[in-house]
Amino acid sequence: MEEVPEHGKFAVNFTEKSVVKAANPLPEPQRLALSNLDLLSGRFPVTYFYFYHNPEKVCFSSIMESLKSSLAETLSYYYPFAGRIVQNPNTNEPEIICDDNGALVVEGHATISLKKLDFYNLDQFLQGKLVSLNTEFPLQVQVTRYTCGGISITFTFDHALGDASAFGKFLVSWSEIAQRKPISCMPDHRRNLLARCPPTYQPSLDQTFVKCTIEEIINMPTTQILLKRLYHVDVFSINRLQQLACDSGNKRTKIEAFSAYVWKIMVTAIDERHQKCKMGWLVDGRGRVHGAEDLMSNYIGNVLSVAVAEATIAELKQGSISDIASNVHDSISKVTNEAHFLDLIDWIECHRPGLMLSRIVLGRGGPALVLSSGRRFPVAELDFGFGGPVLGTVCTTVEKIGVGYMNQRPSARNDGSWTVSAILWPELAAALEADSIFQPMSASLLRL
């Protein structure tokens, strides 16, 4: 008889660690310099969680054999992911040594079934259970088997390897190879986003980005406890918010509408001494740099910037969803163009070497929340040969961050609903959960 863990508590027993190398490695090691936008994104771990019901009850040893062999083939195309990230002594900046050091694969067995997991509390999934961290490997994978026969796969990438778009391409290629399909993406590893000569940029970038020290990052202001949570947002709620955002006759995206709603809720959950608060959005530059999107669609690396908007507490309390969505739209529009990204590349050039971050992430300038949209990130399609996932989401093991954070992506249901992972202070979590839009993730919502 299966032991029922209390309140979703469980342990993971690790049974094997192995290093997977490329099936067809490069003839000679290569050095791959990081682009300016790679340097801005930094070197923190990004982890994606996928859970599989495994309805055919494929045996775990067969799953592991298939995953490792298909990963080896995938690394032949994505060879930087099997490399090492080291500090170049001449430039004092990180670079990727493509020497087929390999990817780390960890196998574990959890003392719980999938339906007993507390999917709402992401803190329970993190380091020491479903995420294995070893700084020697920029790509680490943990495959965990549950007592019901279900599987979870956690993929942890060093951000220097790329951004969500790059990681999504990698995961799709891996799943295609696992299913013995031709890969749909031939990755571009050139990292050719170079500064102009001489570099030049709009001074307004100094208000958004800043050069900083490791001490400033370690000591960034965090007056609140941050909770890592997972939510389901149904398609009816998403469509309703978009209708409200379009009330003035302006066309607004689902993300702009959702952002307006979150921002309006946020002001009810911050200290009354603050007169203003901010919201930020990660913006992908693919399709905005170097012209047409197809020229950069397979670019592997970081092509991210941050849009930031500020409003007074009174404006947010009194404004309609439509009013706030207009502020969101205008702020994002300022960075969704080639001129902004070329300026940002040049700004970084003028501040190298050293660490650089957006001021909002450092916690400078009062309460703020950053939203990242993963609307194009693969979820339902990530089938490695034992069925599609019941859940795909993202989180980070980083313990300290100067802002609240949300990541939206399609749910594995493929019905227009969303999965939202969030890092929130307790008052904001309570305010969001007081309404019906943010539903705490559960086994029943995942139809387990």
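Pick out, from region 88-182, the strands (runs of 3 or more DSSP E) lying fully within it that include 3 or more residues that are under 30 Å from residue 33 (Cβ atoms) and not hydrophobic (A, V, I, L, M, F, W, C).
Numbers: elements: 93-98, 103-110, 139-145, 151-158.
Output list reads 93-98, 151-158.
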**Study point:** Positions within region 129-145 being among the β-branched types (Val, Ile, Thr) and in contact (Cβ under 8 Å) with a residue 40 or more places away in the chain, in sequence order
**Key:** 131, 141, 143, 144
Exercise for review: Take residue 332 and decide whether it is more than 30 Å from residue 215 (Cα to Cα) and either at pLDDT 95 or above or β-branched (Val, Ile, Thr) (or both).
Suggested key: yes
Check your understanding: Given the residues 135, 147, 156, which is the only one that is in contact with a Ser or Thr (Cβ under 6 Å, 6 or more places away or on another chain), farther than 19 Å from residue 174 by Cβ and of a type in the set (Val, Ile, Thr)?
Key -> 147
Check your understanding: Can you find a residue in region 339-351 that is among the aromatic types (Phe, Trp, Tyr) and not in a loop (DSSP other than H, G, I, E, B)?
Key -> yes
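Being farther than 14 Å from residue 50 by Cα and out of contact with any Gly (no Cβ under 7 Å at 6 or more places or on another chain) is the filter here; which residues of region 141-166 pass it?
Within region 141-166, 147, 148, 149, 157, 158, 160, 161, 163, 165 meet the criteria.
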Review point. How many of the residues in region 16-30 are part of a strand (DSSP E or B) and either among the small types (Gly, Ala, Ser) or modelled with pLDDT of 95 or more (or both)?
Key: 5
Exercise for review: Report, by residue number, each residue of region 125-142 that is over 18 Å from the mean Cα position of the chain (by Cα) and of a type outside the set (Asp, Glu).
Suggested key: 128, 129, 134, 135, 137
Study note, to complete from the structure: The residue from 410, 367 that alone is farther than 27 Å from residue 128 by Cβ, modelled with pLDDT of 95 or more and either open to solvent by less than 40 Å² (accessible area, probe 1.4 Å) or of a type in the set (D, E, K, R) (or both) is 410
Exercise for review: Sort out which residues of region 352-380 are part of a strand (DSSP E or B), of a type in the set (A, V, I, L, M), closer than 20 Å to residue 163 by Cβ and out of contact with any helix residue (DSSP H, G or I) (no Cβ under 8 Å at 6 or more places or on another chain), and write them in order of number.
Suggested key: 370
Review point. From the set of residues in region 120-165 that are closer than 27 Å to residue 300 by Cα and β-branched (Val, Ile, Thr), which is surrounded by the fewest Cβ atoms within 10 Å (Cβ to Cβ)?
Key: 135
Exercise for review: Might you check whether a residue that is touching a residue at least 12 places away in the same chain (Cβ under 8 Å), among the hydroxyl-bearing types (Ser, Thr, Tyr), under 30 Å from residue 416 (Cα atoms) and assigned to a helix (DSSP H, G or I) occurs anywhere in region 226-248?
Suggested key: yes
Practice item. Only residues in region 36-65 that are within 30 Å of residue 346 (Cβ to Cβ) count as the first member; pair them with residues that are part of a helix (DSSP H, G or I) and among the charged types (D, E, K, R), Cβ under 7 angstrom, at least 6 apart or cross-chain, and list the lot. Key: 36/349
Exercise for review: Identify all residues within region 170-205 that are surrounded by 13 or more Cβ atoms within 10 Å (Cβ to Cβ) and free of Cβ contacts under 8 Å to residues at least 12 places away in the same chain; write none if there are none.
Suggested key: 176
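Residues 73, 107: which one is among the charged types (D, E, K, R), touching a helix residue (DSSP H, G or I) at 6+ places or on another chain (Cβ under 7 Å) and open to solvent by less than 30 Å² (accessible area, probe 1.4 Å)? Steps first, please.
On the way: 73 fails: open to solvent by less than 30 Å² (accessible area, probe 1.4 Å).
One residue alone meets the criteria, 107.
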**Study point:** Residues satisfying the stated conditions in region 74-100, i.e. among the β-branched types (Val, Ile, Thr) and free of Cβ contacts under 8 Å to residues at least 60 places away in the same chain
**Key:** 86
Study note, to complete from the structure: Scanning region 387-400 for residues that are buried (at least 22 other Cβ atoms within 10 Å of the Cβ) and out of contact with any Phe, Trp or Tyr (no Cβ under 6 Å at 6 or more places or on another chain) gives 395
Revision key, fill the gap. Restricting region 249-285 to residues that are in a strand (DSSP E or B) and either among the basic types (Lys, Arg) or under 19 Å from residue 393 (Cβ atoms) (or both), the one nearest to the chain's Cα centre (by Cα) turns out to be 282
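The values are calculated or read from the model by the stated rules, or taken from the named source; none is laboratory data. Since we're looking at a predicted model, the values are computed, not measured. Reconstructed Cβ throughout: ideal geometry from the backbone, glycine too, with neighbour counts over all protein chains shown. When the accessible area is computed, the model is the full protein with side chains, heavy atoms only, and any ligands, DNA or RNA have been set aside. Shrake-Rupley method; radii C 1.70, N 1.55, O 1.52, S 1.80 Å.
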